[in-house]
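To start, the structure under review is shown below, and the notes come after it.
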Amino acid sequence: QQRLAVGASGRAADGSLRVLFIGDIVGAPGRRALEERLPALKEELCAAFCIVNGENAADGVGITPKLAARILAAGADVITLGNHTWRRTEIGAYLESSEQVIRPANFSATAPGRGSTVRPAADGTNVAVLNLLGSLFLSPPISMFELVDELVERARAEAPVVIVDVHAEATSEKVALAQWLDGKVTAVVGTHTHVQTSDARIQRGGTAAITDVGMTGPHDSVIGVKSDLAIHRMRTGMPVRFETAEGGVRIEGALVECDGDGRATAIEPVRVPYP
């Protein structure tokens, strides 16, 4: 990755603001990699703000308050979640009070927590982060398209930089949302499939997009699960208790660069082996 000097303002020497988005943290291997490498990685990439998808942090499914605190302590400014948000019962009360850990906005309005937040970057620039859940196979109570316009309008009133995490199974949904929001937000970043895609791009209206930023965890696996267990289930159709794999660990994500108005100027996939 290109290195740029960072001044006292927290911006790169060319005046751009860089946002690092880290893809789905999977289990203990993913957490170890993040905790040990994130502080230095942010410095190497001149990232003034960092978002981490943490919905698989607890043994591959869900997140706990303790693990969320560790990810934030490692250098994340915001943690986004997804379809496994409620797998750990203790997370509900934590989300009710947290301003840095958000869950999909298109969950039920009665669910605890929030679907968006605004936090300051290193230079003081406000960055809004929105979390949305796709419909295919995930079946949220509300379609993300029903509420995204209002969410974006509110976010833009509070922050020049707006990053959307669309946690979805379908490539088509992620691409459609990115095109719908082109020119309205800084970036639309896909999560959930754990496979980094090669379509990082700046769209015509100035919005960066990537269909999936990938997975931070063990890649000698079936999307983070021990291969023999996942294959056994696929071959036999019998229930299997999944376990997180260990080998081939790497950090994956994307680095988004934008100007002072929040218009994206570059997006690059990030892939860092660990150790």
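The values are calculated or read from the model by the stated rules, or taken from the named source; none is laboratory data. Please read these numbers as outputs of a predicted model, since none were measured by experiment. Every residue, glycine among them, receives a Cβ derived from its backbone with ideal geometry; neighbour counts consider all protein chains shown. All accessible areas refer to the heavy atoms of the entire protein, side chains included, with ligands and DNA or RNA removed. Shrake-Rupley method; radii C 1.70, N 1.55, O 1.52, S 1.80 Å.
Across the stretch 222-237, the qualifying residues are those that are in contact with a Ser or Thr (Cβ under 9 Å, 6 or more places away or on another chain) and on the phi > 0 side of the Ramachandran plot, and the one among them that is surrounded by the most Cβ atoms within 10 Å (Cβ to Cβ) is 224. Here is the figure for the stretch 82-97: residues that are of a type in the set (Ser, Thr, Tyr), touching a helix residue (DSSP H, G or I) at 6+ places or on another chain (Cβ under 9 Å) and open to solvent by 10 Å² or more (accessible area, probe 1.4 Å) total 1. Are there any pairs with C-beta distances below 9 angstrom linking a residue in the stretch 177-205 that is at positive phi and touching a residue at least 60 places away in the same chain (Cβ under 8 Å) to a residue that is surrounded by fewer than 21 Cβ atoms within 10 Å (Cβ to Cβ) and among the charged types (D, E, K, R), with the two at least 6 apart or on different chains, and if so which? Listed by first residue and then by second, the contacts come to 192/169.
Would you mention how many residues in the stretch 192-221 are of a type outside the set (Asp, Glu) and open to solvent by 80 Å² or more (accessible area, probe 1.4 Å)? Talk me through it step by step, then tell me what you get.
Going through the stretch 192-221, the residues of a type outside the set (Asp, Glu) turn out to be 192-198, 200-211, 213-219, 221.
From the residues that got through so far, the ones that are open to solvent by 80 Å² or more (accessible area, probe 1.4 Å) too are 195, 198, 204.
Residues meeting the conditions: 3.
The set of residues from the stretch 49-81 being open to solvent by 10 Å² or more (accessible area, probe 1.4 Å), in contact with a Leu (Cβ under 9 Å, 6 or more places away or on another chain) and among the hydrophobic types (A, V, I, L, M, F, W, C) comprises just one member, 74.
Tell me, which strands (runs of 3 or more DSSP E) wholly within the stretch 50-146 include 1 or more residues that are more than 26 Å from residue 37 (Cβ to Cβ)? Walk me through it before giving the result.
Working: elements: 78-80, 116-120, 126-133.
Here the list reads 116-120, 126-133.
Which residues, counting only those in the stretch 206-224, are of a type in the set (Asp, Glu) and touching a residue at least 60 places away in the same chain (Cβ under 8 Å)? Within the stretch 206-224, just 212 meets the criteria. Just one of (1) surrounded by fewer than 22 Cβ atoms within 10 Å (Cβ to Cβ); (2) in contact with a strand residue (DSSP E or B) (Cβ under 9 Å, 6 or more places away or on another chain); (3) within 29 Å of residue 124 (Cα to Cα) fails for residue 246. It is (3).
Only residues that are under 15 Å from residue 163 (Cβ atoms), part of a strand (DSSP E or B) and not aliphatic (A, V, I, L, M) were counted across the stretch 180-202, and they come to 2.
In the set 252, 268, 243, 257, which member is within 23 Å of the chain's Cα centre (by Cα) and over 22 Å from residue 165 (Cα atoms)? When all the criteria are applied, what remains is 243.
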